[in-house]
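Step one of this worksheet: look at the structure below.
The values are calculated or read from the model by the stated rules, or taken from the named source; none is laboratory data. These numbers were taken from a predicted model, which means no experiment stands behind them. Positions of Cβ are backbone-derived with ideal geometry, glycine not excepted, and every protein chain shown enters the neighbour counts.
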Amino acid sequence: MKERIAIIDGIRTPMCKAGGVFKDIQADQLGAWIVTELIARSEIDPALIDELIMGNVGNPTHAMNIARVIALKAGLPQGLPAFTVHRNCGSGNEALTTAAAKIQAGDGDIYIVGGTESMSSMPLLYGPRMTEFFANLVKSKTLSQKLGVISKFRPSFLKPVIGIVQGLTDPVCGLIMGKTAELLAREFHITREEQDRYAVESHKKAAAAIESGRLAEEILPIPVPSCYKAVQEADDGPRDNQSMDALGKLRPYFDRHNGTVTVGNSCPLTDAAAAMLVMSETKAKELGLTPIGFLRGYAYAGLEPQRMGLGPIYSTVKALDRSGMTMSDIELVELNEAFAAQAIANLRAFDSDEFAARYFGRHHKVGAIDPAILNVNGGAIALGHPVGMTGARLVITTLKELHRRNCNVGLATMCIGGGQGGALLLEAA
Amino acid sequence: MEMPATPNGFRIKITDKVADIVFDLNDEKVNKLTTPVMEEFDGLIKQLAGTDDLELMVLRSGKPGIFIAGADIAEIADITDPVAGAALASKGHRILDRLVALPFPTIAVIDGACLGGGLELALACTYRIATDNPKTSIGLPEVNLGIIPGFGGTQRLPRLIGMPKALSMILSGKPVNGRKAFKLGVVDAVVPAEFATEKIAEFAGYIKSAAGRKAVLVRRNSRPFRRWLTQDNALARLVTANIACRNLMKKTKGCYPAPLKALEVIRRTLGMPLAAGLAVEAREFGELAVTPISKNLINLFYGSEALKKDKGAVIDGKPRQINRVGVLGAGVMGGGIAWNFTKADIPTRLKDLNWEAVGKGYEAAANIYGQLKKLRKYNQREIDIKMHHLSGTTDFSGFGNLDIVVEAIVEDLDIKRKVLAELAEHVPEDTIIASNTSTLPITELAEGLPHPERFIGMHFFNPVNRMPLVEVIPGKETSPETIAAVVALSKRLGKTPIVVQSCPGFLVNRLLLPYLSEAVMLLQEGVSPKDVDRVLTGFGMPMGPFTLLDEVGIDVAHKCAVVLAAAYGERMANATLLECMCEDHHLLGKKGGNGKGFYLHQGKKQVLNPDLPAIVGDWREANNISPRQCSDDDILDRCLLTMVNEAVRCLDEGIVADPVHLDMAMIMGIGFPPFRGGLLRYADELGAEHIWTRLYELAEKYGDRFKPCERLQQMTRNQREFYNETVR
């Protein structure tokens, strides 16, 4: 068996709704903030770190290789290289598994990995007609040519392309993510009421986790720039008073007439960053460090883009097979809730002999997930889903909870836009 | 052809009709224009003037980072006769006139500091080329030494770049870099330092042609109309001068004659022939050079140079390198100190009891950066990067690899001891622990710490970004290595550290508190705060004692006064009105409570608090004191001589190394007027006997606290001065 990857420590910023508390903090700043803290509290000599790998989806134009920007802003040595990874919603996972692969290949020993996202900062873009208008204006030389170009201007040119909408729309199947969730709701016959109930549950679990201080264990409070007058200590998504009534009043967002998916039973757009210090198990022993847990195995899997929400079951099956484990070994599950419909679809698929037979050629179901071990501290519907960061958060949350429950093996899995899934098998220290 | 180097270090090489002169002053780190150097340079010019066939002279420096740092300050310090001073300037004028008169063009190549006499020499060359070396700084800082430029600077600079720009350079004394100098027109080209050789050759080729020469002159005179409008007519000169004068008066309050004199000389001489103008400059230079203010400023210059070299303690090797720091307590001081560390790009761990408090520290640091951003010292990108050096915490995580932790929590011996003991458990054995206490004795604080040799006082002043002083206070067991490390760190923070011995209040507060208390006593006796503030700002203090009290906080001052009264007894008996103001009436000064103090602070206006007379009246009744008048002389002496008396005690007890350190500390710690040269310079000017007599009079009139101390009595008897020799 390959050597396990030790996760020495992991922390994250609070997760705040886009356009809210963190709206003035760019993704590189969020990332630098959390990496600065990780280095400070882990007390590691920065000269020992081999590389920094960051996941990020909505790449800000001012920080093209955002990982390098983060490394420098966080005060890591200039000689330390850094690169950014992109696997859509799985980018935070990808940072960790890339480091794992590099460690196992002998490329290095110690890595800082994580993910960062500022969904507040997704830009509005000029459309193709406005772009062309500008191009023509630059090309025109004489005054009459310029006037000619200007006379062709129409107010409709100003209609922006909304970066976030474009980013969340699959360019191959042409569906926005919410519509893929609608498809799963139909495939698995998941009613609006079931989805709303799932969402209420997620809020209740998250609110309880905040109340009990469990989430605070993984959060670094952020004094909010630019005036630093307030300190953001907790996630601002969860509502302990979320109710079926309140959710029931919302109109379906993606299919106004017959849809079931609303903004209330989907994950909100969010800003946050997370980072972990990882190394080979041997190196951790050598340095005398106690990890919070280990990465034992992982897998990514692909499927039809329009059914991307089922990524978790596809990737989990692959990861379990590779590690020689079954669902019965799993004591805790973090399954990212992009949409309530998508999460429920996975639960049904895990529990279905028919699904297993049809898609994996197995006689028996993959294995039902006990609701008592699923997303016990709430999920993305309440907490939010800063796309590039979530993968890293799932790992941190799982490891901390395994420790609290005195359990051994956990699964962190998520669906990935574009028709993929990622699954990580984690072990407590 | 190469000639042997002259005794003072001029090397001359003549190739292809170009004389290349390299100035590399023997046995000195910097090039400066001493009298022998000037005489030798004169001989050289005469020699070159007689050499046939020369087409160009290039003057360079052989020192890295220095062109010519200026005239020899020691010579200026020695001038005691205005006529001799004027003669020194005139001699320089004659030599530079001969440089101007050479039959071929001359180029000064400025790659490094080119200040004072150095720039004046360069101005006498036909052309000047500067490099973009970060060390290149070009300016006329003479006014900072209480004199005006004496080698033609007041004449050639305005004629070259115009009166408004010349005034801004000469009156502020601030040097500019190569790029700015080019923009101002002081130099004719700015070139990359690495390609200086090629670029000089290029420039030399360029000015060989008439068109090239004309292009340079056209650039110098690029805005003839504006020039005419601002200086080429008498009215414009008058208006420009008046504006400059008003600004100067606002800045210097008329305490510094040199910039005013420089302005006057420029205004009077700009229309004159050069020779007449130079004569005026020489005369005024001579007059200013003998003034006590100039001598004081020169001594201060020496003092600050000496402090820059002062390592604080004798150790083997270099002081410990500080890579990561911690700050305990995120209040105004903690936040300010954390700001200072981030400014120096040192990763800083800021701890307080809860996140709300930590956030306040972030806010304090960000506010300082905000002020600096307004002054255009930093842009947002730089600020963001520096703020990222800061990390907050509410536990001791991340304290395991810190090189130093500065404690800035509440000023209470027991609490501090408890927290310091706790801190010691969480940091490595070799971590330096520093306390930012302003009054508590270091040795007492160190009691119970496992490593008292690594414990030290590091006293910053509020506001941290504006006060240049750091008092470094070793306890009885503090090691020299610890002292040297903290002194070196303070310098890295851009501060001036002064080592003082541990006693209640240390040096600065021990001297400041009696001064503030005395002001309050005056108020208790019925003198208006406005009168006290007027007398002391008239003396040159940056703000009067009551304005200062409002600024630091009346509660803060009161707390400090109580500690010092307990320690020193009768002579520092605190003015009880302070207690009455902050406890009974909740008047805490500008920043605390309702923002009221002795004054009301509404916007920039300062109005006497209308409740004050009633409060003072009640207080007087309660304490059975009748009001009485006090002359301005008595006000001044009561406030200042108390300070002098205490300063003498500090010297006597060895709290501070010498008068230089004491004076520098007072200038940088409380803004004691620099033109006075410092508290003890001022005392020397008055004379020990006069001080002794005055203190005796004051003691009889106002109370025993004025009684002159033993040492003062001895000094009077032996007719000694604090500075019995000129300090160099």
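Name the residue, out of B:Ala622, B:Ala699, that is of a type outside the set (Asp, Glu), surrounded by fewer than 21 Cβ atoms within 10 Å (Cβ to Cβ) and at pLDDT 90 or above. Step by step, each of B:Ala622, B:Ala699 is checked, and only B:Ala699 is of a type outside the set (Asp, Glu), surrounded by fewer than 21 Cβ atoms within 10 Å (Cβ to Cβ) and at pLDDT 90 or above.
Restricting attention to the stretch A:131-151, and to residues there that are outside any helix (DSSP H, G or I) and hydroxyl-bearing (Ser, Thr, Tyr), which single residue is surrounded by the fewest Cβ atoms within 10 Å (Cβ to Cβ)? If we take residues in the stretch A:131-151 being outside any helix (DSSP H, G or I) and hydroxyl-bearing (Ser, Thr, Tyr), then A:Thr142 is surrounded by the fewest Cβ atoms within 10 Å (Cβ to Cβ). Selection over the stretch B:61-100 of residues that are of a type outside the set (Ser, Thr, Tyr) and over 16 Å from B:Met38 (Cβ atoms) gives a count of 9.
Could you please find all residues in the stretch B:381-396 being assigned to a helix (DSSP H, G or I) and more than 8 Å from every other protein chain (Cβ to nearest Cβ)?
Within the stretch B:381-396, the subset assigned to a helix (DSSP H, G or I) is B:381-387.
Within the stretch B:381-396, B:Arg381, B:Glu382, B:Ile383, B:Lys386 qualify.
Looking only at residues that are assigned to a helix (DSSP H, G or I) and out of contact with any Leu (no Cβ under 9 Å at 6 or more places or on another chain) in the stretch B:535-549, which one is farthest from B:Pro463 (Cα to Cα)?
Going residue by residue through the stretch B:535-549, those that are assigned to a helix (DSSP H, G or I) are B:535-539, B:545-549.
Still in the running and out of contact with any Leu (no Cβ under 9 Å at 6 or more places or on another chain): B:537, B:547.
Working: B:Thr537: 20, B:Thr547: 15 Å.
Restricting to residues being assigned to a helix (DSSP H, G or I) and out of contact with any Leu (no Cβ under 9 Å at 6 or more places or on another chain), the top hit is B:Thr537.
In the stretch A:43-55, of all residues being surrounded by fewer than 24 Cβ atoms within 10 Å (Cβ to Cβ) and in contact with a Gly (Cβ under 8 Å, 6 or more places away or on another chain), the one that is nearest to the other protein chains (Cβ to nearest Cβ) corresponds to A:Glu43.
Taking the condition of being of a type in the set (Lys, Arg) and buried (at least 24 other Cβ atoms within 10 Å of the Cβ), how many residues in the stretch B:639-673 meet it? Spell out the reasoning first.
Narrowing the stretch B:639-673 to residues of a type in the set (Lys, Arg): B:649.
Within this subset, residues satisfying the condition of being buried (at least 24 other Cβ atoms within 10 Å of the Cβ) are none.
So the answer is 0.
Applying the criterion of being in contact with a Ser or Thr (Cβ under 8 Å, 6 or more places away or on another chain) and outside any helix (DSSP H, G or I) to the residues of the stretch A:111-123, the residue that is modelled with the lowest pLDDT is A:Pro123. Of the set (1) of a type outside the set (A, V, I, L, M, F, W, C); (2) within 30 Å of B:Arg649 (Cβ to Cβ); (3) in contact (Cβ under 8 Å) with a residue 60 or more places away in the chain, all apply to B:Gly569 but (3).
Look through the stretch B:1-54, keep the residues that are acidic (Asp, Glu) and in a strand (DSSP E or B), and return whichever of them is surrounded by the fewest Cβ atoms within 10 Å (Cβ to Cβ). Before the answer, list the steps.
Taking the stretch B:1-54 and keeping what is acidic (Asp, Glu), we get B:2, B:16, B:20, B:24, B:27-28, B:39-40, B:42, B:52-53.
Add one more test, that the residue is in a strand (DSSP E or B), and what stays is B:2, B:20.
Numbers: B:Glu2: 10, B:Asp20: 17.
So the residue we want is B:Glu2.
Scan the stretch B:129-149 and tell me whether some residue there is out of contact with any Leu (no Cβ under 7 Å at 6 or more places or on another chain), at pLDDT 95 or above and under 16 Å from B:Glu284 (Cβ atoms). Yes, the stretch B:129-149 has at least one match.
Tell me whether the stretch B:416-427 contains one or more residues that are buried (at least 24 other Cβ atoms within 10 Å of the Cβ) and of a type outside the set (Val, Ile, Thr). No, the stretch B:416-427 has no match at all.
Quick test for you: out of B:Ile73, B:Ile79, B:Ile66, B:Ile95, pick the one residue that is within 25 Å of B:Gly162 (Cα to Cα) and not hydroxyl-bearing (Ser, Thr, Tyr). Let's see the steps before the verdict.
On the way: B:Ile73 fails: within 25 Å of B:Gly162 (Cα to Cα); B:Ile79 fails: within 25 Å of B:Gly162 (Cα to Cα); B:Ile66 fails: within 25 Å of B:Gly162 (Cα to Cα).
After ruling out the rest, the residue left standing is B:Ile95.
Listed conditions (1) surrounded by fewer than 20 Cβ atoms within 10 Å (Cβ to Cβ); (2) within 18 Å of the chain's Cα centre (by Cα); (3) within 11 Å of chain B (Cβ to nearest Cβ) are all met by A:Pro60, apart from (3).
The single condition among (1) crowded, with 19+ Cβ neighbours inside 10 Å; (2) within 27 Å of the chain's Cα centre (by Cα); (3) more than 18 Å from B:Leu423 (Cα to Cα); (4) touching a residue at least 40 places away in the same chain (Cβ under 8 Å) that B:Pro347 does not satisfy is (2).
Pick from the stretch B:352-374 the residues that are closer than 18 Å to A:Ile219 by Cβ and of a type in the set (Gly, Ala, Ser): which of them is nearest to the other protein chains (Cβ to nearest Cβ)? By that ranking, first place goes to B:Gly359.
From the residues in the stretch B:429-476 that are among the acidic types (Asp, Glu) and part of a loop (DSSP other than H, G, I, E, B), which one is surrounded by the fewest Cβ atoms within 10 Å (Cβ to Cβ)?
Restricting attention to the stretch B:429-476, the residues satisfying the condition of being among the acidic types (Asp, Glu) are B:429-430, B:444, B:447, B:453, B:471.
Now drop any that are not part of a loop (DSSP other than H, G, I, E, B), which leaves B:429-430, B:447.
Working: B:Glu429: 8, B:Asp430: 11, B:Glu447: 15.
So, considering only residues that are among the acidic types (Asp, Glu) and part of a loop (DSSP other than H, G, I, E, B), the one surrounded by the fewest Cβ atoms within 10 Å (Cβ to Cβ) is B:Glu429.
Within the stretch B:209-241, the set of residues being surrounded by 13 or more Cβ atoms within 10 Å (Cβ to Cβ) and outside any helix (DSSP H, G or I) comprises B:Gln231, B:Asp232.
Please find, among B:Asp316, B:Asp345, the residue that is acidic (Asp, Glu), farther than 30 Å from B:Ala77 by Cα and modelled with pLDDT of 95 or more. Walk me through how you get there before you give the answer.
On the way: B:Asp316 fails: modelled with pLDDT of 95 or more.
Going through B:Asp316, B:Asp345 in turn, the sole match is B:Asp345.
Within the stretch A:222-260, restricting attention to residues that are more than 14 Å from chain B (Cβ to nearest Cβ) and of a type in the set (Lys, Arg), the residue that is farthest from A:Thr36 (Cα to Cα) is A:Arg256. Report the residue count in the stretch A:68-83 for those that are surrounded by 24 or more Cβ atoms within 10 Å (Cβ to Cβ) and more than 14 Å from every other protein chain (Cβ to nearest Cβ). So the count comes out to 0.
The set of residues from the stretch A:19-31 being closer than 14 Å to A:Pro223 by Cα and at the interface with another protein chain (Cβ under 10 Å from one of its Cβ atoms) comprises A:Ile25, A:Gln29.
When you check B:Asp637 against the structure, is it within 23 Å of the chain's Cα centre (by Cα), assigned to a helix (DSSP H, G or I) and closer than 28 Å to B:Pro529 by Cα, yes or no? In short, no.
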